[in-house]
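The values are calculated or read from the model by the stated rules, or taken from the named source; none is laboratory data. Just so you know, these numbers come straight off a predicted model, no measurement behind them. Here the Cβ positions follow ideal geometry from the backbone for every residue, glycine too, while neighbour counts run over all protein chains shown. All accessible areas refer to the heavy atoms of the entire protein, side chains included, with ligands and DNA or RNA removed. Shrake-Rupley method; radii C 1.70, N 1.55, O 1.52, S 1.80 Å.
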Amino acid sequence: MLLLLFTLILGLCLLTTTTLGFQEQSVPAVQPENPPSVDQILDRMKIHNEWQGRYLIEYRAQRTFHAANLRFEEDATLEVRTTFRRPDTIESQVLRAEGSRLIRERVFDNVLKAENETHSKLAKQQVDIVPANYSFSYIGQELCDDRKCYRLGITPRRREKYLIQGQIWIDAEDWSIVRIQGSPAKRPSFWTRQTQIDHRYKRIDGMWLNDSLESTSDILIAGRSTLKIQYLYEAIETDGSMEHPGEVPCRD
């Protein structure tokens, strides 16, 4: 799932070269109740991710892409039907494309191409939000759509444009990432002065699947540019014999 964040950043780079803030939403705080340590949260998140990797067999989703630059009055929309098959196969079929031809060819086409080329175990290891790629800090407890979450700060261990400096929200029951918010650790291009990315997930049968990705960039000369992807799931196949790990014992 995190590879789609990778391709969103890639699309943002391409949008920058094509077109030559983002405000944090308030989230209700939750009264702390002896929260687990950061290491315990990461342990449980790892177990959930491994379970979901075995539990999810296939899904089919309709995705809507929209990219726009207000200053040059350029925008485009793309609708695709995407099929994911375990362990790392992803295929997309274009259903509708309209708007700026330049954006469609240089942004959308390249994002879809990058998904196919980078959706591999090795590529995911380079961008996954795990201790090998990030250091973590505890911020607090909050409500995410009426579910208790733990909010952690994330700092990349390498200064790369495909890693995120920002924060994540972890569901306190399922131990999955439900939201990622921040900026690329390295500017996507010389022309991009500031970029904010917001990646949200949707809970389906104990899993957390992509729901939406949004980015906003302040670009020299071109001004503000936006890129959004929205998901609508048509079919999901899972392994019914795989029970959710539920509460995971804390390590010493």
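Among the listed residues Ser176, Ser137, which satisfies the condition of being more than 26 Å from Arg60 (Cα to Cα) and not acidic (Asp, Glu)? Only one candidate qualifies: Ser137. Going through (1) outside any strand (DSSP E or B); (2) modelled with pLDDT of 95 or more one by one, Leu78 falls short only on (1).
Number of residues in segment 69-83 that are touching a Leu at 6+ places or on another chain (Cβ under 8 Å) and open to solvent by 10 Å² or more (accessible area, probe 1.4 Å) equals 3.
Screening segment 81-108 for residues that are within 19 Å of the chain's Cα centre (by Cα) and in a loop (DSSP other than H, G, I, E, B) and picking the one that is modelled with the lowest pLDDT gives Asp88. Restricting attention to segment 84-109, the residues that are closer than 18 Å to Asn210 by Cβ and either open to solvent by 80 Å² or more (accessible area, probe 1.4 Å) or of a type in the set (Val, Ile, Thr) (or both) add up to 7. Among the conditions (1) part of a strand (DSSP E or B); (2) more than 15 Å from the chain's Cα centre (by Cα); (3) modelled with pLDDT under 90, Ser215 misses just one, which is (2).
Within segment 53-61, identify whether any single residue is under 18 Å from Glu214 (Cα atoms), assigned to a strand (DSSP E or B), open to solvent by less than 20 Å² (accessible area, probe 1.4 Å) and at pLDDT 85 or above, and answer yes or no. The answer is yes, given that some residue of segment 53-61 is under 18 Å from Glu214 (Cα atoms), assigned to a strand (DSSP E or B), open to solvent by less than 20 Å² (accessible area, probe 1.4 Å) and at pLDDT 85 or above.
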